[in-house]
Amino acid sequence: MDEVLVSYFKKPRSYTTEDMCEINSHGGNVMMHQILELCLKNGAELAEPGEFTKRAFLNGRIDLSQAESVIDIINAKTDREAREGMKQLEGFLANAIQDIKTQVLDVMTNIEVSIDYPEYDTPEILEDDLRKKMDDALKKLESLEKSFDTGKIVKEGIKTVIIGRPNAGKSSLLNAILKEERAIVTEFEGTTRDTIEEFVNINGIPLNLIDTAGIRSTQNEIEKIGIEKSKKMAKQADLIIFIIDSSKNMTEEDDEILETINPNKTIVILNKIDLGQKINDKTGKIRDFKNVIKMSALKREGLDEFYEKITALFNLNEVQVDNDILITNERHKIQIQKAIQNLNMAKDSLENKMPIDIVAISLKDVLSNLGEITGEEASEEIINEIFSRFCLGK
């Protein structure tokens, strides 16, 4: 069939810790298909999605958080996101979780000692020691929880919606950012009827960029649907880009839009400065917005200032992926929040002089929550659901 290279991996020194071999051929769909058919005839079975990584997890080579990072690395849209995925694959999060679990186990050990040997410590000394250890574990958990906001940006990007009146230059801005003619630009108003969505990388962070239909009063039913969708998108956005044609006077529709959007998450762009300006940052309700930029989207003037404003607005330069552990997975965040809740319950039980074994029950729940992240406590249903998201061959 072909001259190939067969590489043999003897257990446990393989990805799955099992005996494995890889066949490297010269490629081509026909040849690959023939080799696969030959393997199947000789007893091989097709792998399920994520089966190799699942076997690595089940055989103890990696934990569940590391297995999930494989998906993040594959789906990474920026270098930063890929580096964060690699950190989790290398066990940074797993080690942090294990450190917290060790602290909680230490507290439980002290509780067990106090139950079995009540003369070992006075209640006051014991409670003070337990409180300090629980506070330290709680501080670490809260730090991980807070990192999710940053982690979410690194993983999913900033949901950015471009809004404004028709023909203000929304599509021109989208094209300028993407450096390609992605959206149709004409002198006629209402060209964009639906949303156009693209990803663009700014300073290592992806912008989930959405161009919307121009907002105005209209009798056209199709355009009305697009306008309502624009307003809904703006409410859900992390960042709003409100673009105004500064070569014309402000309109009531411009003022109405300014009244409905959040100044803290909005950048106002005074567009078409090459045609002369009738509007500036002190005009009308614009003066209530601190992030105002002059631009000519068509001539691509002012883009650098726009990128700098986004970076400053989201403190992207402070996102130190290399030095910090970021939670990027919603499942991990939920379990950390549950662990915080149970640890606070343990502290409250201690403060309220509840029996010491009641405190231990809440601490066991903390360990269970953290075990859900690393996989020791995860149900078969959760494990299967996670690996079903993998592609074949991973």
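The values are calculated or read from the model by the stated rules, or taken from the named source; none is laboratory data. The model shown is predicted, which means the values in this text are computed figures rather than measured ones. Positions of Cβ are backbone-derived with ideal geometry, glycine not excepted, and every protein chain shown enters the neighbour counts.
Side notes on the structure shown:
- Residue in the range 301-324 that is part of a strand (DSSP E or B) and either farther than 22 Å from Pro263 by Cα or at pLDDT 85 or above (or both) present: yes
- Candidate set from the range 348-383 (those that are assigned to a helix (DSSP H, G or I) and under 22 Å from the mean Cα position of the chain (by Cα)); member that is surrounded by the most Cβ atoms within 10 Å (Cβ to Cβ): Ile373
- Every pair of residues 6+ apart whose Cβ atoms lie under 6 Å, when the first sits in the range 344-363 and is without any contact (Cβ under 8 Å) to a residue 24 or more places away in the chain while the second is part of a helix (DSSP H, G or I) and aliphatic (A, V, I, L, M): Ser349/Ile358; Ser349/Val359; Ser362/Met345; Ser362/Ala346
- Only residues that are within 15 Å of Leu350 (Cβ to Cβ) and at pLDDT 80 or above were counted across the range 107-143, and they come to 15.
- Verdict on Met345 being surrounded by 19 or more Cβ atoms within 10 Å (Cβ to Cβ) and not acidic (Asp, Glu): no
- Residue within the range 14-22 that is in contact (Cβ under 8 Å) with a residue 60 or more places away in the chain, closer than 20 Å to Phe92 by Cα and not assigned by TED's automatic domain parsing to the domain that holds Glu372 present: no
- Filter result for Ile279 (β-branched (Val, Ile, Thr), part of a loop (DSSP other than H, G, I, E, B), in contact with a Lys or Arg (Cβ under 8 Å, 6 or more places away or on another chain) and farther than 28 Å from Phe92 by Cβ): yes
- Residue match in the range 7-23 (condition: modelled with pLDDT of 95 or more, surrounded by 14 or more Cβ atoms within 10 Å (Cβ to Cβ) and among the charged types (D, E, K, R)): yes
- Conditions (1) loosely packed, with under 14 Cβ neighbours inside 10 Å; (2) more than 30 Å from Asp135 (Cβ to Cβ); (3) out of contact with any helix residue (DSSP H, G or I) (no Cβ under 6 Å at 6 or more places or on another chain); number of the one not met by Met1: (3)
- Scanning the range 49-77 for residues that are crowded, with 19+ Cβ neighbours inside 10 Å, assigned to a loop (DSSP other than H, G, I, E, B) and not charged (D, E, K, R) turns up Gly50, Ile62.
- Taken over the range 239-269, the criterion of being more than 14 Å from Val292 (Cβ to Cβ) and touching a Phe, Trp or Tyr at 6+ places or on another chain (Cβ under 8 Å) is satisfied by Leu239, Ile257.
- For the range 10-33, a tally of residues being in contact with a Ser or Thr (Cβ under 9 Å, 6 or more places away or on another chain) and not basic (Lys, Arg) returns 9.
- Number of residues in the range 149-164 that are surrounded by 20 or more Cβ atoms within 10 Å (Cβ to Cβ), on the phi < 0 side of the Ramachandran plot and not in a strand (DSSP E or B) equals 5.
- Boolean, Ile35 is of a type in the set (Val, Ile, Thr), out of contact with any Phe, Trp or Tyr (no Cβ under 8 Å at 6 or more places or on another chain) and closer than 17 Å to Ile325 by Cβ: no
- Residue under evaluation Ala94, criteria (1) within 27 Å of Leu326 (Cα to Cα); (2) not assigned by TED's automatic domain parsing to the domain that holds Asn369, criterion not met: (2)
- Here the range 6-48 is the region considered, the condition is being part of a helix (DSSP H, G or I) and among the polar types (S, T, N, Q), and the residue that is farthest from the chain's Cα centre (by Cα) is Gln34.
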